[in-house]
1. Check whether at least one residue in the stretch 76-97 is touching a Leu at 6+ places or on another chain (Cβ under 8 Å) and surrounded by 10 or more Cβ atoms within 10 Å (Cβ to Cβ), and report yes or no.
2. Could you grab the pairs with beta carbons closer than 8 Å, sequence gap of 6+ or different chains, first residue in the stretch 78-89 and without any contact (Cβ under 8 Å) to a residue 60 or more places away in the chain, second one of a type in the set (S, T, N, Q)?
Amino acid sequence: MAKKRIKESKAASPVVVPTAPTERKVITLPSSGDLPVYYVNNVNIDVSSWDVRFRLGQVQGMEGQNVTVKDVAIMFMSHAHMKAFATLMLHSVAKLDALPQPEFVNPNEQTH
């Protein structure tokens, strides 16, 4: 399967990524306006001998026991990248408890 190319953005910003303790690599990322943004609340993970695929979707509704999901993107990577991604996710999840929690407004309370 051919990989899709991302158009270079004129408003791209460089990001420094440490590749080794003494080495750094500069990566230019496209501006966020050049990339599609999706909210997903459904993820299916498919593992094969070659790669790992994440099918990202949005729940559209539920009828009885059937849930309707619209797939919006498929992300795939090698096993090695998946392991690195999982490690980063674990570190990010560990930081969630330190974040301030959102305050929920009582829907019956008038705010004005």
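1. For the stretch 76-97, residues touching a Leu at 6+ places or on another chain (Cβ under 8 Å) and surrounded by 10 or more Cβ atoms within 10 Å (Cβ to Cβ): absent.
2. Qualifying pairs under 8 Å: none.
This table checks each residue for (1) exposed (fewer than 12 other Cβ atoms within 10 Å of the Cβ); (2) at pLDDT below 80.
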site: Leu29; (1), (2): no, yes
site: Asp34; (1), (2): no, yes
site: Asn41; (1), (2): yes, no
site: Asn44; (1), (2): no, no
site: Trp50; (1), (2): yes, no
site: Gly61; (1), (2): yes, no
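The values are calculated or read from the model by the stated rules, or taken from the named source; none is laboratory data. Fair warning: this is a prediction, and the values are worked out from it, not measured in the lab. Note that we place each Cβ from the backbone using ideal geometry, even for glycine, and neighbour counts take in every protein chain shown.
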